[in-house]
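For reference, the structure is listed below as structure tokens.
Where a number appears in this text, it was derived from the coordinates with a stated rule and is not lab data. Worth saying up front: this structure is predicted, and the values here are computed from it rather than measured. Because the Cβ atoms are built from the backbone with ideal geometry, glycine has one as well, and the counts that use them run over all protein chains shown.
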């Protein structure tokens, strides 16, 4: 970069000097009215002016007549000799020339001597000079440039060290916090707002820490809930069994009643375990579901047929609305589990004489399944958490209604496995509507990454 700049400067300086000499020669010759000086007639005034011009540029001036004879040479070396060169010949045609020889370090400028009035070329004025002055300036600039570059380099290195040290400190603090997280979750927030970069990093880490905190709390709550849910039926069964053992002569009717209660608790325990196993299986098979093309209308009819006895027992009417036939690529077991849980939930949280409406529709890209009910509904703050494991919106009646609190979590997991979405719209006392949207064509995780 430095060499390019210096070469450019040297070339430009030479061009300026040549233009300056050519301009001075043109002015000088323009004032020259008597050309007899070219024919050997002495003129002290012209001699003095030529010497002065030669001294200004510390160069050599030669006056050449139309016969290419050197009639005046300020160096007194070649007077009377003939000079034939391309520059002189071009100048004899009325075209002034300029030439810079970088290798030999000299400038040569020719200017035509014109006869006043006619403009006829009568000779040539040739000026040559060394470029030592320009070379000295270039060398001076080169030395200064190197010194400047060294100084700039030192300053930049110093600034880099200072800046690096300054920016490394907050990053080091952030790193210590991350190390603390890897060893065991660390409370607190990252507040490093010194630079834009550290601010953005801090905000990203804070979001991550909040998510980790939420996941940690969710995991602890999940373990606690699982323990509680599994322990409750076991406690009930133990109480019932102890009651039977404590009485030597138990009436058959009481014995049958206790055994029926034991059977119900065992069924409840079995359902909790099965739901937990379903969640685990979904986690393991999320990447490889058993996808086949299914007639969604027929699939939902089968689900409702299976759940109709439960609905009739709860005095809830099941309604199916098929807007149009829909065919989709789904895992029958997983999607059936999702729809069953949604419909079963709608039945459980309904009221006597209520209804559950299942509506199926589709377009060129998606299948839409809508499960609406006339049940108790839910508050807006509950809608954000209903898909969490063991979460129940109506905690006061959860034991009466039954269930494990895993149904909606399983339903959402199944829908997401199909690259679909499930949303809820609800108001207290006005029922709830769950809307499921799944693609007609299944796209696995690997295919989805390829598209991206």
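A few notes on this one:
- Note on residue 26 and residue 151: with the Förster distance fixed at 41 Å, the Cβ-Cβ geometry gives a FRET efficiency of about 0.40.
- Using a cutoff of 8 angstrom between alpha carbon atoms and counting only pairs six or more residues apart, the relative contact order for region 1-137 works out to 25 percent.
- Per-peptide packing, taken as the mean over residues of other Cβ atoms within 10 Å, places 411-420, 375-384 in the sequence 411-420, 375-384 from highest down.
- Where labels lie 7 Å past Cα in the beta-carbon direction, separation of residue 19 and residue 290 in nm: 8.8 nm
- Mean Cβ count within 10 Å, highest first, over the residues of peptides 204-212, 60-68: 60-68, 204-212
- DSSP beta bridge pairing in region 1-111, given as percent antiparallel to the nearest 5: 100 percent
- The alpha-carbon atoms of region 1-137, seen along their principal axes, cover 54, 27, 26 angstrom, with the largest extent given first.
- Using a Förster distance of 22 Å, the FRET efficiency for residue 12-residue 48 (Cβ separation, nearest 0.05): 0.10
- Cα centroids of region 66-145 and region 294-348: 104 Å apart.
- When peptides 142-152, 322-332, 247-257 are sorted by average Cβ neighbour count within 10 Å, with the highest value leading, the order is 322-332, 142-152, 247-257.
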